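Encoded as structure tokens, the structure appears first; notes follow it.
None of the figures in this text is laboratory data; all of them are computed from the coordinates on show. Only a predicted model underlies this, so the values are computations on that prediction, with no experimental measurement involved. Note that each Cβ is placed from the backbone with ideal geometry, even for glycine, and that neighbours are counted across all protein chains shown.
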Amino acid sequence: MKKILILNGSFCEKPIIEKAKEMGYYVVTTGNAPGLIGHQSADEYIPCDYSDKEAILELVKDNEIEGIVSCANDFGVLTASYVAEQMGWKGHDTYEHALMMHHKDKFKQYCFEHDIPSPHSHIFTDVESALEYSEVCEYPIIVKANDLTGGKGIKMADTSEEAEEAVRNAFDWSRDKHILIEPYISGTQHSICVFLINKKVAVSSSCKCYSFTNPYLIQAETFPSCEMTDEIRGELENIIEKMALDLDLADGILNLQFILKDQKPYIIEMMRRCFGNEALLPYTMVTGFDWSEAYIKAALGLDCSSVKRAKPFKNYCGHFGLMPYKNGILESYHIPSHIDSHIFKKTVMLQPGDTIKNCFNERIVYLYYEYASSEEMNRQVSRFSDSILVEIE
């Protein structure tokens, strides 16, 4: 059996781990948290910080690993690209290009240089320069830590006083101490996710994103996006294919997050990895394409054209992460029948009696749902947070 390494072992990587074993691989997982549920599905767990690229390279060499698959985290993408490059493995972008795409400052500069529609960012490496700019810039602005995901290190500001707090927050969070300040664009948030094969879009889908409890953290997505027109999809897919040629991108996932304003997309983020909310499941449901199998094959440098494509399993579906409204002890939560009747999968994250320490980032349960129409789905999902009763001591 070919031995492969999958970085991390959370519930997000669990489907990837199980799919890889189903495909006949001996799966080794790693990470700093041995209690994560995904490790239980692996053949072997070896503790190591997956963001430490040199340590992971040594792990690979010492354990006769023959391939590497990234986790649902940008640091995992960077490590996987670095290790693959050092080992001479196919299936990953160059480390230089992975850094460019997953560090906000480099990616936004690339967008600016290639006339890709995106809010123009100003990049800072010290607090004083950022604060000087905040005195003369046009508001509102959004301030972001350069190298993090999941809404960490992000704040919006309407005044220079708010900007100072946002700037210091971003620098506190950023590992490389780079931050971005860019115009805040008001609109609806969406993603387009494609699977590239030979630098062409082989499969494409989209979703609309909702942020309820934390304005900078996606809490729900509905598939496909109800506002994605053929014209918008065509524009974004054209951008992706040009990028794939320019950067000589490997086969695999490429996801663009964008703000839609006046029917014009403004790209704000990009990813070349699986997702922290298990979004490959709804993407598989609405396309009939096995994204998990293709993700593994691509990472191992295999031909992805043979991945099965079936009729879509569901027309309209999505996910919702139920978040607590405050810190404390979770007592209970109740999902009303008009929501529960649409749920086809639940992933429980917290049990009654568990302690909530960060209500702006933790989820109680992930719900995966389906509806008969896009209109009904988006109408209902936009009310989920108000409809589900959560009791916290």
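Here are a few things to note about the model shown:
- Farthest positive-ward along the chain dipole, Cα basis, beta-carbon charges - from TYR139, GLY276, ILE356: GLY276
- Given charges at beta-carbon only (K, R positive; D, E negative), |dipole| of the chain in Debye: 1280 debye
- Mean-square fluctuations from a GNM of the chain, with a 10 angstrom spring cutoff on Cα atoms, peak among ILE253, ILE179, ILE329 at ILE329.
- Between the stretch 27-50 and the stretch 219-258, the Cα center-to-center distance that results, in Å: 31 Å
- Which of ALA310, SER186, TYR216, positive extreme of dipole for the chain (C-beta unit charges): ALA310
- Gyration tensor (alpha-carbon) shape descriptor, the chain, a/c threshold 1.5: rounded
- Separation of the stretch 319-359 from the stretch 179-196 is 27 Å, based on Cα centroids.
- In terms of other Cβ atoms within 10 Å, HIS97, HIS120, HIS102 run from fewest to most in the order HIS120, HIS97, HIS102.
- Cβ charges +1 (Lys, Arg) and -1 (Asp, Glu), total dipole of the stretch 252-393, debye: 520 debye
- Estimated dipole of the stretch 120-183 in Debye, rounded to 20 [Cβ of Lys and Arg +1, of Asp and Glu -1, Cα centre]: 400 debye
- Positive end of the dipole of the stretch 59-210 (Cβ unit charges, origin at the Cα centre): among HIS97, ALA163, CYS71, the Cα lying farthest that way belongs to CYS71.
- Cβ-defined net charge surrounding ILE16, 13 Å radius [Lys, Arg +1; Asp, Glu -1]: -1
- If you sort the three axes of the alpha carbon gyration tensor as a ≥ b ≥ c, you get a/c of 1.5 or more for the stretch 234-305 and a/b no higher than b/c, which makes it oblate.
- The chain, helix-only ellipticity at 222 nm - DSSP H runs n ≥ 4, -39,500 (n - 2.57), divided by all residues, nearest 500: -9000 deg cm²/dmol
- Fluctuation leader among LEU180, LEU59, LEU236 - the chain, Gaussian network, Cα springs under 10 angstrom: LEU59
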